[in-house]
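Trainee: A single structure is presented below for examination.
Since every read-out is calculated from the coordinates, none of them should be taken as a lab result. In this text the structure is predicted, and so the values were computed from the model without any measurement. All Cβ positions, glycine included, derive from the backbone under ideal geometry; neighbour counts span all protein chains shown.
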Amino acid sequence: MASANRNQSVVPEAKEALNKFKYEVASEVGVNLKQGYNGDLSSKDAGRIGGQMVKKLIQQAESQMR
């Protein structure tokens, strides 16, 4: 199996859905994301968003296994 570039999507069609999901999760955890560049976002807030996204994706995968 060839290794993919880390920034390359495995399923490019999912990019828009994941981007929307990111904004939904940011809103849920109380982080105000702007459209476009968010370079002023703290590492703590970025981690809160990413962590919550992973948690929700795992929950979804687990529920599909039942």
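Trainee: When both residues are 6+ apart or on different chains and their Cβ atoms are under 6 Å apart, which pairs have a first residue that lies in the range 45-66 and is part of a helix (DSSP H, G or I), and a second that is not β-branched (Val, Ile, Thr)?
Mentor: Listed pairs, sorted by first residue: Ile49/Ala26.
Trainee: Mind counting the residues in the range 27-44 that are assigned to a helix (DSSP H, G or I), more than 21 Å from Ala17 (Cβ to Cβ) and of a type in the set (D, E, K, R)?
Mentor: 1
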